[in-house]
Amino acid sequence: MGFRKDIGYWSGVCSAFVLLLWVSTARGQGPAPETAPPLFPGGELISYNSIFTTRGLIPGMSAGIPVTARPTFSHEGDFNFTWGFRHDFDLTVLLPIFTNHFEMPDTPAAGGTGLGDAMVLVKYRFYRRDSPRGTTQASVTFGPKIPTGRTNLTDGNGMRLPASLQPGSGSTDLFLAANWTYTGLFNLKRLVADEDFHSLLRSEGTQATRLGSDLESRFWLSYRPYESKNGNREWFVGPVLTWLHSQDDRIAGATQGGSGGDLLLAGVTTYAGLRPGMHVWLGMDWAAAHSTGPLFMPVRRHISFGITQQFRLHL
């Protein structure tokens, strides 16, 4: 089975990004093609993920920047370090850098670049079952999002931008995830079903703003059409369906009705192993349906790509 036999060996780590870090936009593919397995004991992973997100404007928006506005275009660069500190456990430190832009008719463009909120996450794989069909695995991930991000971006007049346009939130939040991977779907050993279900539970942060908590489900059905005989190179590709629910923001204790909503994204993700331990990925998603809250700015387009390198830690 080549690389497949070693999938728990160096395929690991849920993209802690899976976060939305934002989490208000869909995450896309992370450092590994399967999200449930942890990194192998004593192993390390470093990766970079580049995420581009485009949003629609608020319906009937007038001049000025609404206090719940999200970036109309944003780029997120995620730096990920993961360590498999023992069997079935790994530790991830995620550090994002955001570039946010907000543009609308009759309003000067605003935005900027800054460090986002870091996350420290622990993954625990509580279930694994091997069979002639393949492997079934399930895991949970949890940890804090720490308010390390920049919160002082200003517009052209020197006025501080709303909290929803800042790279950081100023709040300490809780990230929770459950992941499930099923290889050998329909008894096809190269067909894999992967589910990532996660939430970011937010508290009040900068400018007395509590951004809406998020709940996201991402399902990827991937097929492996190519694997080299020695297992060093492989290729996964398949459709992705993502559902995202965002709650309304709260500012100074007042709920901003209609700032949250529901979004359904459909797309495709491809993932390739170039050599032992080195992988690249590309994911593209487009809005298929969304709710129509008066302040809701749904994602229109989401593109992510990245590279990861895994290696063994020698202590």
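The values are calculated or read from the model by the stated rules, or taken from the named source; none is laboratory data. Since we're looking at a predicted model, the values are computed, not measured. Methodologically, a virtual Cβ is constructed for each residue, glycine included, from the backbone with ideal geometry; neighbour enumeration extends over all protein chains shown.
Couple of notes before you dig in:
- Gln310, sole failed condition from (1) more than 24 Å from Leu174 (Cβ to Cβ); (2) touching a residue at least 60 places away in the same chain (Cβ under 8 Å); (3) in contact with a strand residue (DSSP E or B) (Cβ under 6 Å, 6 or more places away or on another chain); (4) assigned to a loop (DSSP other than H, G, I, E, B): (4)
- A single entry from Arg129, Arg150, Arg133 fulfils the requirement of being in contact (Cβ under 8 Å) with a residue 24 or more places away in the chain and touching a strand residue (DSSP E or B) at 6+ places or on another chain (Cβ under 7 Å): Arg150.
- Cβ-Cβ contacts under 6 Å between residues 6 or more apart (or on different chains), taken from a first residue in region 38-54 that is β-branched (Val, Ile, Thr) to a second residue that is at pLDDT below 90, are listed as Thr53/Thr25.
- Within region 34-85, the set of residues being among the small types (Gly, Ala, Ser) and touching a Lys or Arg at 6+ places or on another chain (Cβ under 9 Å) comprises Ala36, Gly42, Gly43, Gly56, Ser74.
- Among the residues making up region 250-299, those that are touching a residue at least 24 places away in the same chain (Cβ under 8 Å), under 30 Å from Ala208 (Cβ atoms) and part of a strand (DSSP E or B) are Arg250, Ile251, Gly261, Asp262, Leu263, His290, Val299.
- Filtered residues of region 201-219 (kept if closer than 15 Å to Leu244 by Cβ, in contact (Cβ under 8 Å) with a residue 40 or more places away in the chain and part of a strand (DSSP E or B)): Asp214, Glu216, Arg218
- Within region 114-156, the set of residues being surrounded by 14 or more Cβ atoms within 10 Å (Cβ to Cβ), assigned to a loop (DSSP other than H, G, I, E, B) and not hydrophobic (A, V, I, L, M, F, W, C) comprises Gly116, Asp117, Arg133, Gly134, Pro147, Thr148, Gly149, Arg150, Thr151, Asp155.
- Test: residue in region 222-245 that is assigned to a loop (DSSP other than H, G, I, E, B) and at pLDDT 95 or above: no
- When restricted to residues that are hydroxyl-bearing (Ser, Thr, Tyr), surrounded by fewer than 19 Cβ atoms within 10 Å (Cβ to Cβ) and modelled with pLDDT of 95 or more, region 52-90 contains 1.
- Note on region 220-248: among residues that are touching a residue at least 60 places away in the same chain (Cβ under 8 Å) and of a type in the set (Gly, Ala, Ser), the one that is farthest from Ala32 (Cα to Cα) is Ser246.
- Number of the condition not met by Asp248 [criteria: (1) farther than 30 Å from Ser171 by Cβ; (2) modelled with pLDDT of 95 or more; (3) crowded, with 17+ Cβ neighbours inside 10 Å]: (1)
- Residue identified as assigned to a loop (DSSP other than H, G, I, E, B) and surrounded by 16 or more Cβ atoms within 10 Å (Cβ to Cβ) among Ser171, Ser164: Ser171
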